[in-house]
Amino acid sequence: MIVFDQVAKRYPGGYTALAGVSFEIRHGELVVLSGHSGAGKSTLLKLIPVIERPTAGSVSINGQDVSRMPARAIPYLRRNLGLVLQESRLLFDRNVFDNVMLPLVITGHPPRDGARRVAAALERVGLAGRERELPAGLSGGEQQRVAIARAIVNRPSILIADEPTAHLDPDYAHEIAELFRSFNSAGVTVVISTHDATLFAASRPRRLVLHKGLLVEGGEA
Ligand code: ADP
Ligand code: ADP
């Protein structure tokens, strides 16, 4: 359902972040993308929601080539994707409810059902009833859970997370890893990057490994 075919990404200025990357992710897989800092993990993940576009090759989702998708179609694509990216910061001047509700507000979801969905999403990440709290009063692990609740509130079929356990204490990191495993068990396709692949080893994920922009494990020729 997610197919990378000979994908290259060169940033303006000439730096090649990815070269010749080909792989397929099937519906319902749990994929862990690992590699050293600067290996190209964030770049690879950003090509899926078309935050970046490839310089060569193609990225398709459910048979649709998204790498050439017109800008106006991208919001519709993203409705079916849950994103927990490095730049997905919480709004610190808004409470937990407003943060998680945000994607539903953007898509014009009816408010009353939205509130129910927010409650369900918070329940799902272990933060039931915490709607009125402000992010600044939460621990780092709890803030990450709010970001995950916001990513799943639209009930996406694909969940993408870029180093969601970075900066967390090991106990919290394990809880977050377990949370992604549980979404995957519920049928969601999950693609996570990490520089600590051992964290997800118990889930027996499909492994993709990047080294200096090349896929050195898990790819297809
Ligand atoms: P990782 O997530 O594995 O740390 P990245 O995808 O963030 O790797 O980065 C891969 C390479 O691309 C790095 O050398 C990085 O400096 C470079 N890079 C990332 N984003 C940009 C950008 N917007 N412009 C130029 N170079 C970038
Ligand atoms: P409801 O159907 O009332 O929304 P669920 O218990 O089915 O409640 O789900 C609670 C929340 O967990 C959902 O709103 C959604 O955020 C998330 N969730 C559960 N299952 C899935 C799924 N298959 N895909 C994406 N998100 C899911």
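Going by the structure shown, is A149 among the aliphatic types (A, V, I, L, M) and in contact (Cβ under 8 Å) with a residue 40 or more places away in the chain? Criteria met by A149. Only residues that are in contact (Cβ under 8 Å) with a residue 40 or more places away in the chain, aliphatic (A, V, I, L, M) and farther than 19 Å from P156 by Cα were counted across segment 117-136, and they come to 2.
Of the residues R150, R132, R124, which single one is out of contact with any Leu (no Cβ under 7 Å at 6 or more places or on another chain), near ligand 2 (Cβ under 10 Å from one of its atoms) and among the basic types (K, R)?
Going through R150, R132, R124 in turn, the sole match is R124.
Could you please let me know if E163 is at pLDDT 90 or above and on the phi > 0 side of the Ramachandran plot? Can you show your working first?
Working: at pLDDT 90 or above: yes; on the phi > 0 side of the Ramachandran plot: yes.
When the stated conditions are applied, E163 passes them.
For segment 46-104, a residue qualifies if it is at pLDDT below 95, of a type in the set (K, R) and buried (at least 16 other Cβ atoms within 10 Å of the Cβ), and exactly one does: R78.
Can S193 be described as among the polar types (S, T, N, Q), assigned to a helix (DSSP H, G or I) and outside the structural domain of N95 (by the TED database)?
Working: among the polar types (S, T, N, Q): yes; assigned to a helix (DSSP H, G or I): no; outside the structural domain of N95 (by the TED database): yes.
When the stated conditions are applied, S193 does not pass them.
I'd like to check something: does segment 134-141 contain any residue that is within 26 Å of G187 (Cβ to Cβ), modelled with pLDDT under 95 and either in a loop (DSSP other than H, G, I, E, B) or in contact with a Cys (Cβ under 8 Å, 6 or more places away or on another chain) (or both)? Checked against the condition, which is being within 26 Å of G187 (Cβ to Cβ), modelled with pLDDT under 95 and either in a loop (DSSP other than H, G, I, E, B) or in contact with a Cys (Cβ under 8 Å, 6 or more places away or on another chain) (or both), segment 134-141 yields no hits at all.
Considering only residues in segment 172-193 that are among the polar types (S, T, N, Q) and over 13 Å from I148 (Cα atoms), the one that is surrounded by the most Cβ atoms within 10 Å (Cβ to Cβ) turns out to be S193.
Looking at this structure, is L168 part of a loop (DSSP other than H, G, I, E, B), among the hydrophobic types (A, V, I, L, M, F, W, C) and buried (at least 16 other Cβ atoms within 10 Å of the Cβ)?
Details: part of a loop (DSSP other than H, G, I, E, B): yes; among the hydrophobic types (A, V, I, L, M, F, W, C): yes; buried (at least 16 other Cβ atoms within 10 Å of the Cβ): yes.
In short, yes.
Can you spot a residue in segment 147-158 that is within 16 Å of ligand 1 (Cβ to nearest atom), buried (at least 21 other Cβ atoms within 10 Å of the Cβ) and more than 17 Å from E178 (Cβ to Cβ)? No - not one qualifying residue is present in segment 147-158.
The values are calculated or read from the model by the stated rules, or taken from the named source; none is laboratory data. Being a predicted model, the structure only gives us computed values, none of them experimental. Glycine gets a Cβ as well: all are built from the backbone with ideal geometry, and neighbour counts include every protein chain shown.
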